[in-house]
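K.L.:
Below is a structure I'd like to ask you about.
The values are calculated or read from the model by the stated rules, or taken from the named source; none is laboratory data. Computed from a predicted model, the values in this text were never measured in an experiment. Backbone-built Cβ (ideal geometry, glycine too); neighbour counts: all protein chains shown. Just so you know, the surface numbers come from the protein's heavy atoms only, side chains and all, with ligands and any DNA or RNA stripped out. Shrake-Rupley method; radii C 1.70, N 1.55, O 1.52, S 1.80 Å.
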Amino acid sequence: MKRRYYPAFLDLKGKPCVVVGGGRVAERKVAALLRAGARVRVISPAVTKRIAAQAAHGRLEVVLREYRAGDVKGAFLAIAATSDDRINAAVSADAPCLVNVVDEPERANFIVPSVVERGPLCIAVSTSGASPAMARAIRQELERLYGSDFGRYLAFMAALRRRALQEIPDKKRRERMLKAAASAEVLSLLRTKGAHHVRERALKHFDAARGRKRKGTAA
């Protein structure tokens, strides 16, 4: 029966994660884990220069040897990223946690989707293994649709939302303002006018919700 995956975004900050393998594929997996704030241990007889440099700067731990049973004990998440099918199978069998085996979803209990990141915005795409090529094509289309202005505007909105919670006590007015600042029209304007234009509109909604007029801004 075809697997049905449960979509989720994981908070890995401070979580122990183990990557078995030290090549280019492992390097990419390590980079993603570090961006998420994980505590990373790499187990491999040899590692890339970039992984070695990260270890030298204290960003991760490297164990220069072959994988051994028990190496994933206590891990929150493990990734098998070697070219040795025997080792990948052993990691899969040993892991008492979330485990991903690169290019072998049948040995994993989670898969890594194609991802579009624009600041706080993260869009994950998966075809449940049916067509990784299609997942990449959809990701590339999304990259064109959601440019860097979306990330800049979302960073601005995070700060504006914090201000709204403090400065607009009326819940209904606050919710109307936040919805107006994140409408379908806003998505269109971000593509055509850019983040600066849309920020000004959002600030006008914000000041109106507080009962104030904003001076010197474009309509």
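K.L.:
Using DSSP, restrict attention to beta bridges with both residues in the chain and report what percent are antiparallel, rounded to the nearest 5.
P.N.:
Working: 5 of 21 bridges.
Of those bridges, close to 25 percent are antiparallel.
K.L.:
Could you work out what % of the accessible surface of the chain is carbon and sulfur, using a 1.4 angstrom probe and leaving DNA, RNA and ligands out of the count? List each step's numbers first, then the result.
P.N.:
On the way: 7090 of 13530 Å².
Heavy-atom surface of the chain belonging to carbon and sulfur, 1.4 Å probe: 52 percent.
K.L.:
Which value, in Å², gives the accessible area per residue of the chain when a 1.4 Å probe is used on the protein heavy atoms? Could the numbers behind the result be given before it?
P.N.:
On the way: 13530 Å² over 219 residues.
Normalised by residue count, the accessible surface of the chain is 62 Å².
K.L.:
What order, most packed first, do the peptides 37-49, 179-191 have when packing is the mean number of other Cβ atoms within 10 Å of each residue?
P.N.:
On the way: 37-49: 19.0, 179-191: 14.6.
In decreasing order of mean packing, 37-49, 179-191 become 37-49, 179-191.
K.L.:
Past the 27 angstrom mark, what percentage of all C-alpha to C-alpha distances in the chain do you count? Intermediate values should be presented prior to the final figure.
P.N.:
Working: 11678 of 23871 pairs.
Counting pairs separated by more than 27 Å, the tail of P(r) holds 49 percent.
K.L.:
I've got another one for you. Give me the log10 of I(q) over I(0) for the range 27-101 at q = 0.13 Å⁻¹, as the Debye formula computes it from C-alpha points; what are the numbers?
P.N.:
Computed log10 I(q)/I(0) values: -0.35.
K.L.:
So, one more: So if each residue of separation counts as 0.36 nm, and I subtract the Cα-Cα distance between A184 and Q140, what length gain in nm does that give?
P.N.:
13.7 nm
K.L.:
Taking all protein chains together and a probe of 1.4 Å, list E104, E61 from the most accessible to the least accessible. Working shown, then result.
P.N.:
Details: E104 30, E61 85 Å².
Of E104, E61, the descending order of accessible area is E61, E104.
K.L.:
Would you calculate a helix-derived [θ] at 222 nm for the chain, using -39,500 (n - 2.57) for each DSSP H run of n ≥ 4 and dividing by the full residue count, to the nearest 500? Don't skip to the end; give the middle numbers.
P.N.:
On the way: 8 runs with 99 residues, N = 219.
When only DSSP H runs of four or more count, the value is -14000 deg cm²/dmol.
K.L.:
Also, I was wondering about something else. Which FRET efficiency, nearest 0.05, do E167 and R4 yield, Cβ-Cβ r, R0 45 Å? The partial results should precede the final answer.
P.N.:
Values: r = 44 Å, r/R0 = 0.98.
With a Förster radius of 45 Å, E is 0.55.
K.L.:
Please report the relative contact order for the range 102-186, taking Cα pairs under 8 Å with a sequence separation of at least 6, and give it as a percent rounded to a whole number. Walk me through the intermediate numbers first.
P.N.:
Numbers: 53 pairs, mean separation 19.5, N = 85.
Across the range 102-186, relative contact order equals 23 percent.
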